[in-house]
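First the structure, in the form of structure tokens, and then the observations on it.
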Amino acid sequence: MEPEFRGALSRDALGRLAEQGFAIEPGWLGSQDVRALRERLVELDRRRALAPAGVGRGSARVVERRIRGDRIRWIDAATDNDAEKRLLRAFESLRLALNRELTLGLFELEAHYALYPPGAAYAMHRDRFRDDDARVVSCVLYLNDRWHAGDGGALRLHVAGDRCEDVQPMGGTLVLFFSERMFHAVLPASRSRLSVAGWFRRHA
Ligand code: OGA
Ligand code: MN
């Protein structure tokens, strides 16, 4: 029997998100699209079209490499790049599935590419700004070719108490977690680490 389409997220993954506050879905995006997005990100970096990421927002925003060392570029909702269009469509069906199955009332998505050069990291944090509660679900899609545990660069989720879950940034893997409660960090890697990070928001 054909599995019911839930934004290409399995019933198991939806259940895990609801129960443990996070879910990991390997192979969420097909390898051809992963490769196209990876090549696009590398090309943007080569053209110096990425900007150092900041922490905080508005007048509190600062660029502080010891806290956060990635370079980013926001993905334009009106992009004419085919792989980006397919990615945004996949995120849109995921948004509808999350609303339908978990009644989250998600309204829109914001997403950016991120490139962590070797040695760069992101210290433990949550994805909610102090003065803005719009972000509900955080998503990270990895774009790396053949990642090995020895390369470092895991996403460390502080799941509960002192329980941690390390996620390897394997191309095609999608991680989802609740933005408000999940403390998490990006560990440094010995090679460049490529991803798309997105947030489903409950209002503009
Ligand atoms: C972020 C973030 C995690 C990752 O961009 O806020 O926590 O694994 N990214 O890249
Ligand atoms: Mn984060």
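First check a/c for the range 1-76, with a ≥ b ≥ c the square roots of the eigenvalues of its C-alpha gyration tensor; if it is under 1.5, answer rounded, and if not, answer prolate when a/b is larger than b/c or oblate otherwise. Oblate. Of the whole protein surface, Met170 contributes about 80 Å² of accessible area at a 1.4 Å probe radius.
In this calculation the C-beta distance from Thr103 to Ala204 is compared with R0 = 30 Å, giving a FRET efficiency of 0.90.
Seen through its C-alpha gyration tensor, with square-root eigenvalues sorted a ≥ b ≥ c, the chain comes out rounded because a/c lies under 1.5. A dipole drawn for the chain from +1 and -1 charges on Cβ atoms has a positive end, and of Leu29, Leu44, Gly119 the residue lying farthest that way is Gly119. What the Cβ-Cβ distance of Arg191 and Arg35 gives, at R0 = 22 Å and to the nearest 0.05, is a FRET efficiency of 0.85. Only helical runs count toward this figure. For the chain, summing -39,500 (n - 2.57) over DSSP H runs of n ≥ 4 and dividing by all residues gives -7500 deg cm²/dmol at 222 nm. Assuming a ≥ b ≥ c are the square roots of the Cα gyration tensor eigenvalues, decide whether the range 96-144 counts as rounded (a/c under 1.5), prolate (otherwise, with a/b larger than b/c) or oblate. In terms of gyration-tensor shape, oblate. Taking the Cα centre of the range 98-204 as reference, the dipole from Cβ charges on Lys and Arg (+1) and Asp and Glu (-1) amounts to some 60 debye.
Rounded to the nearest 20, the size of the Cβ-charge dipole of the chain about its Cα centre is 620 debye, with Lys and Arg at +1 and Asp and Glu at -1. Take every Cα pair under 8 Å whose residues are at least 6 apart in sequence, average their separation, divide by the length of the range 49-152, and the relative contact order is 29 percent.
The values are calculated or read from the model by the stated rules, or taken from the named source; none is laboratory data. If you're wondering where the values come from, they're calculated on a predicted model, not measured in any experiment. Heads up, the Cβs are rebuilt from the backbone with ideal geometry, glycines too, and the neighbour counts pull from every protein chain shown. These accessible areas exclude ligands, DNA and RNA; they are computed on the full protein's heavy atoms, side chains included. Shrake-Rupley method; radii C 1.70, N 1.55, O 1.52, S 1.80 Å.
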